[in-house]
Amino acid sequence: MLTEPSLIAGLRRHHLFSRLPEAAMQEICATANLKRLPAGASLFHQGDKADRFYFLFSGQIKLHRVICDGQEKLVEVMRPGESFAEALLFRGTPLYPVSATALKTSLVASLNGPQYRRMLEEHPAICLEILATLSVRLHQRMGEIDTLTLANASRRVARFLAQAQSDDSGVITLDVPKRLIASKLGIQPETFSRILHRLVESGTIAVQRRRIEILDSRALTAYDE
C-alpha cells in the first residue's frame, strides 16, 4: 500500500495519474507496493509475467535485454519521476521483454496493471492524453532506431551528444557509466571512448570526467569519421 503523502503527490503529478478521480487514485494506491532496491538488485527479469508496471521515485533503473548472441543490450535508463512497463498494458503483452535492474539505490512503486487498465476503461477521456504521450515516446524510439540502423558509430555518438545536451546549453552530464551509453548506441565501450577522444582532438568537444561540453556544434553535426 502507498500511504506516504509526498509519494502520492509525486505519483499524482505524472500524466498517467494526474486526471484520475480521487476515488480511483485511492484504489490504485491501496494495491501499490513500495520497493526499495539496493544498487545491482533486480526488479523483474526478461520473460517474467508482466502484470505490474512501475513508477520511479528515486535512484536509477536500467532496462536491458539479452539479445541473440548472448550479449546484454541497454534499452533505457529510467530516472526519478518516470514510469515504465505501462505500454505492455495496452499491447496485451503477457511477459516482460526486458529486465529491470537498479543502477543506484532506488525507490519504486509497483502498480497493478489490470486494475489500472480497468480504471481507464471507466474513464475513457483520460486515454486521449495518455495516447498523446505514448505517441511522443514512439517518435523518440523511431529516431533511436534510425540512428542504430542507418548511422555508423561516429554518427551515433555525435547524435547522442547533440540530443543529450541540457536545453541546448552545449553541456552534457553523463549520469550513467560510459559502457551503458555504448551499449545503448550498439557499439563497444572502447569505440565510444575512441570517438570521444577524436572529438576532443578536433576541438569539437571538451571532456572533464562526466562533463562534456560541445565547443563546435556545426562540426559535431557534420562529424562522420
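Read-outs: derived from the displayed coordinates by stated rules, not from any lab. Values in this document were obtained by computation on a predicted structure and should not be read as measured data. Note that each Cβ is placed from the backbone with ideal geometry, even for glycine, and that neighbours are counted across all protein chains shown.
Here Cα Rg over 2.2 N^0.38 Å was calculated from the structure, and among [x] 1.13; [y] 1.01; [z] 0.96 it sits at label [x]. Distance from the alpha carbon centroid of region 16-88 to that of region 89-104 works out to 7 angstrom. Hey, in the GNM for the chain with a 10 angstrom Cα cutoff, which one of L128, L16, L180 fluctuates hardest? Looking only at L128, L16, L180, the largest GNM fluctuation is found for L128.
With R₀ set to 35 Å, the beta-carbon distance separating H45 from Q208 gives a calculated FRET efficiency near 0.40. Dividing the alpha-carbon radius of gyration of region 5-137 by the rule-of-thumb value 2.2 N^0.38 Å gives 1.04. Length gained on full extension, E129 to A30, computed as 0.36 nm times the residue gap minus the Cα-Cα distance: 33.2 nm. Taking the Cα atoms only, what angle lies between the long axis of helix 113-122 and the longest principal axis of the chain, rounded to 10 degrees? With rounding to tens, the tilt is 70 degrees.
Note on S193/R79: beta-carbon distance plugged into 1/(1 + (r/R0)^6) with R0 of 25 Å gives a FRET efficiency of 0.60. Put simply, the C-alpha atoms of region 20-72 give a gyration tensor, and the ellipsoid matching it has half-axes of 29, 14, 9 Å, longest first.
Can you list residues from other chains, or at least 5 along the same chain, whose modelled amide H is less than 5 Å from the amide H of S58? Amide H neighbours of S58: L107.
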